[in-house]
Amino acid sequence: MSLALIPSQAQQPVPSAAPLANPSAISPQVPQGGAAGSATSTFGAQQAGLNIVVLDPAHGGTDPGARGTGGIRESEIVLDFAIQVRRALEQEGFQVVQTRQGNEDPTFDDRSALANAQRGAVFVTLHISSTGLPGTARVYVNSDLPAAIGANGLIPWDRAQAPFLGLSKKLGELVQGLLAQRFKGSPDSVQTASVRQLRTTAAPAIAVEISSVTVNDRADLDRMAPGVADAIAHGVAAFKPSYVIPNTTGALP
Amino acid sequence: MTPRWRIWAIGGLIVAVVAAAIYFPILRRRVRRAARQQQQSEEQARRELTQPIAVNPGDPRVKSTLFWGSDTNDSTLVPVTVELPLSKDPVLRSKQVLNTLLAGPVDAESRTLPPEAVLLAFYLLPDGTAVADFSEALATLIPSGIASEQLAVNSIARTLEANVPQVQRLKILIHGQEMETLAGHLDLTEAFVVNTKLAQPPPSPAANAPATASPALTPGQAPGKLAQPESKP
């Protein structure tokens, strides 16, 4: 994909918070085409600083994601988790935008576009794994991406996550630390992986993967939802002071 | 219809329903078994056609390191040393180690790749980029999830890295096609960087330690730049 991100219209990480090569030169913004799902219009309500969480229940539609032998489908569970995560985040004072609220399947780019259209947002994608110790949770950030900034100051859509990796890791560590306290056996630190969904997201972005669809009883997963929601909400709240966007006055699309 | 005929007719219907209820599950099992056998025989045929594992009797048997899953932690890779006749030609050598990786470890629980997956083709470009083309089974039968998909790709990349120093990058295709993800999570649109440094003979005495003593590799803490996507050319 060759869409470029337009300057002066989007969140920019504070250089000190994101030890990345010349982050101020990177000015990502949403591509044309719009986002699918249930985007909430937020441009009018935006203020400086982190105030929006884009919540992505993964998969959906014809893509059920991981499937357990007992008929458990990842796409359904993450939607239920999202309800509780959303509630916990709203209690912390965040505005929540979901990439889907029903059984739709927006593309990876549509989901990213929803986050890239916001100012002062973080992106959290929710997953249930097929493997791993049941009852544990892992947070992933995208593997290192070489920053690719063109001479015109634009970064390619394919590299939208690159300038935010430092902030993503910081957010990931906070959430993973809280998950490790709640769910024994979870890693103490954030993991890295080449997660397709994260790569095109121009915001601090993490993937939270819960283990797993192999549980015998779905209730085992349901019982994890409040703890996961609480960890994400408190993690994002703790991350908030680290993330400040410049008070740009440019008009938004 | 007289009451007697009605009784016979109802009785006949009941017998038919009972017979159907008994026979239906048997029929379903047979159909499933036949489908499975057909799938297996197709897979077997494909393996025979596409995998003439080039074992040259003249190839020296060398100690090679393959990376399979840990039997104690299913998100961790462990190096296992096996003795294989390996060609000096990097393409043949890559096919040999990958086919051994696909054939799987003795303990099936340590598999990182579905047993049905087949290496259809392997190319090595002059710039060190390896292109490995796997059958669809790799994408459709691998357990879906970030951890499991990352583990699969890391096992391929680490095995190539340890045995074929000429491979610097790895691009994975599924049935000749570039895929967006492996099974819904892991990004396959770009080549993975393989850390060739680790492919050099280890200078420390620790290199002679048993395979189990080697540090385990997890998807989240892969040393170096292994399996990290790189820029598109």
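The values are calculated or read from the model by the stated rules, or taken from the named source; none is laboratory data. None of the values given here were measured: they were computed from a predicted structure. In this analysis, Cβ positions are derived from the backbone assuming ideal geometry, glycine residues included, and neighbour counts consider all displayed protein chains.
Data table
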item: In segment A:116-137, the residues that are within 11 Å of chain B (Cβ to nearest Cβ) and among the polar types (S, T, N, Q); result: A:T125, A:S129, A:S130, A:T131, A:T136
item: Residues of segment A:116-132 classified as in contact with a helix residue (DSSP H, G or I) (Cβ under 8 Å, 6 or more places away or on another chain) and outside any loop (DSSP other than H, G, I, E, B), total; result: 8
item: Unique match (being within 13 Å of chain B (Cβ to nearest Cβ), closer than 21 Å to A:I52 by Cα and β-branched (V, I, T)) among A:T192, A:T201; result: A:T201
item: Residue in segment B:178-187 that is away from every other protein chain (no Cβ under 12 Å) and at pLDDT 95 or above present; result: yes
item: Exclusive hit being within 26 Å of A:D217 (Cβ to Cβ), out of contact with any helix residue (DSSP H, G or I) (no Cβ under 7 Å at 6 or more places or on another chain) and part of a loop (DSSP other than H, G, I, E, B), set A:G71, A:G65, A:G93; result: A:G71
item: Restricting segment B:166-180 to residues that are outside any strand (DSSP E or B) and of a type outside the set (A, V, I, L, M), the residue that is nearest to B:A137 (Cα to Cα); result: B:H175
item: Subset of segment B:62-110 [hydroxyl-bearing (S, T, Y) and either surrounded by fewer than 16 Cβ atoms within 10 Å (Cβ to Cβ) or in contact with a Pro (Cβ under 8 Å, 6 or more places away or on another chain) (or both)]; result: B:T65, B:T72, B:S75, B:T81
item: Odd one out for B:V193, checked against (1) buried (at least 24 other Cβ atoms within 10 Å of the Cβ); (2) among the hydrophobic types (A, V, I, L, M, F, W, C); (3) more than 25 Å from B:E83 (Cα to Cα); (4) at pLDDT below 95; result: (1)
item: Candidates A:A82, A:A113 - the one that is away from chain B (no Cβ under 14 Å), touching a residue at least 60 places away in the same chain (Cβ under 8 Å), farther than 30 Å from B:L113 by Cβ and not in a strand (DSSP E or B); result: A:A113
item: Matching residues, segment A:89-112, being in contact with a Phe, Trp or Tyr (Cβ under 9 Å, 6 or more places away or on another chain) and more than 22 Å from B:S144 (Cβ to Cβ); result: none
item: Qualifying strands (runs of 3 or more DSSP E) (wholly inside segment B:62-165; at least 1 residues being more than 30 Å from A:V213 (Cα to Cα) and out of contact with any Lys or Arg (no Cβ under 9 Å at 6 or more places or on another chain)); result: B:119-124
item: Pairs where the first residue, in segment A:86-103, is within 13 Å of A:H59 (Cα to Cα) and the second is modelled with pLDDT of 95 or more and among the charged types (D, E, K, R), C-beta under 6 Å, 6+ apart; result: A:T99/A:D56; A:T99/A:R111
item: Top-ranked residue of segment A:138-158 - restricted to ones that are within 11 Å of another protein chain (Cβ to nearest Cβ) and modelled with pLDDT of 90 or more, ranked as farthest from A:T214 (Cα to Cα); result: A:D158
item: Single residue of segment A:186-206 satisfying the filter (under 23 Å from B:G184 (Cβ atoms) and charged (D, E, K, R)) that is surrounded by the most Cβ atoms within 10 Å (Cβ to Cβ); result: A:R196
item: Residue among A:A219, A:A180, A:A229 that is more than 16 Å from the chain's Cα centre (by Cα) and modelled with pLDDT of 95 or more; result: A:A180
item: Conditions (1) at negative phi; (2) at pLDDT below 95; number of the one not met by B:V97; result: (2)
item: In segment A:160-185, residue surrounded by the most Cβ atoms within 10 Å (Cβ to Cβ) [restricted to those that are within 16 Å of A:L133 (Cα to Cα) and within 11 Å of chain B (Cβ to nearest Cβ)]; result: A:Q176
